[in-house]
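Rule-based calculations on the coordinates, nothing more; no lab input. In this text the structure is predicted, and so the values were computed from the model without any measurement. Cβ placement follows ideal geometry from the backbone for every residue including glycine, while neighbour counts extend to all protein chains displayed.
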Amino acid sequence: MLIVDKEGILIRYNVKMEKSMTPEEAAAELYPKDELYKPIAEAIFEGEEDDVIEGLEAAIAAGKDPIALIDDILMVGMKIVTDLYDQGVIFLPNVMMSADAMLEGIEFCKSESGASPVTKGKIVVHVAEGDVHDIGKSIVAALLRAAGYEVVDLGRDCPVDEVIEAVKKEKPMMLTGTALMTTTMYAFKEVNDRLVEGGLSLPFQCGGGAVNQDFVGTYSLGVYGEEAADAPKMADAILAGADIAALRTRFHTH
């Protein structure tokens, strides 16, 4: 929650840490102690892409493997950000800036090593056919990439046929769809039915301003995500063995 300190400055109160602190102070308590890694984590939190690269250069010059740095510090730094977001210490724009900085760091590490990191899995994302509002989809894609997933982004106003073909071709572990308008969200039901008819069974995570849990619950593959941040949590749950029923039990709480 927000409180005002004695100087009249708005700060966050972190209930889990049981003390008042600024977001920067909360993050500082979580940074790794390693002198090479701490500046990179701090740069990710601040969303400073140039500083992330500078820190990675220093780590590589000190003998660190570029690909290993992705898991050893870039993902660690991003987890600090997402944990603070989950606790209500920072907001979604902060997460987006940090995700951009972290992804820039991943590309740098890949270019330095000439190799690609192993991803957790592949996920197809799209905006419902007829809907051109793609900010929600873009946030979902960024958070999934930041969590270590390969994202196939089909863009906005994506025809149902293209969604089905992408699932057949890419064989993703999860499909996501966003819709802002009530007139477009019904494309999700058509996607679901076409997938079932084709014998394609996978969690279909749906969200967006027009979408609600009751609607998503009416089709067999649907799992409702109220927030963009639910997408990587669902993906992690799938990796841990959760099926559609288990995902609904966990996320259909609204």
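For the pair I135 and S20, the difference between a 0.36 nm per residue extended length and the Cα-Cα distance amounts to 38.2 nm. Using the Cβ-Cβ distance between D83 and D214 with R0 set to 22 Å, the FRET efficiency works out to roughly 0.10. So how tilted is helix 230-239 from the main axis of the chain? Cα-based, degrees 0 to 90, rounded to 10. The two axes meet at around 80 degrees. Take every pair of alpha-carbon atoms less than 8 Å apart whose residues are at least six positions apart; their mean separation over the length of the chain yields a relative contact order of 13 percent. Would you work out if the stretch 122-251 is rounded, prolate or oblate? Take a ≥ b ≥ c from the square roots of the eigenvalues of the alpha-carbon gyration tensor; rounded if a/c is under 1.5, else prolate when a/b is larger than b/c, oblate otherwise. Rounded.
The residue among V160, G177, L195 whose Cα reaches farthest toward the positive pole of the charge dipole of the chain, with charges on the beta-carbon of Lys, Arg, Asp and Glu, is L195.
Compute the angle between helix 187-197 and the longest alpha-carbon principal axis of the chain, please, reported from 0 to 90 degrees and rounded to the nearest 10. Around 70 degrees separate the two axes. Calculated mean residue ellipticity, 222 nm, the chain: -14000 deg cm²/dmol, from DSSP H runs (n ≥ 4) at -39500 (n - 2.57) each, averaged per residue and rounded to 500. Ranking I90, G225, T22 by how far each Cα lies toward the positive end of the dipole of the chain (charges on Cβ) leaves G225 at the top. Looking at the chain alone, DSSP beta bridges between its own residues are antiparallel in about 25 percent of cases.
Which of rounded, prolate or oblate describes the stretch 26-113 when judged by the alpha-carbon gyration tensor and an a/c cut-off of 1.5? It is prolate, given that a/c is not under 1.5 and a/b is the larger ratio. Can you give the FRET efficiency to the nearest 0.05 for K168 and S116, using r as the Cβ-Cβ distance and R₀ = 25 Å? About 0.60, to the nearest 0.05. With the simple spin-label model, which puts each label point 7 Å out from Cα in the Cβ direction, the L92 to D193 separation comes to 3.0 nm.
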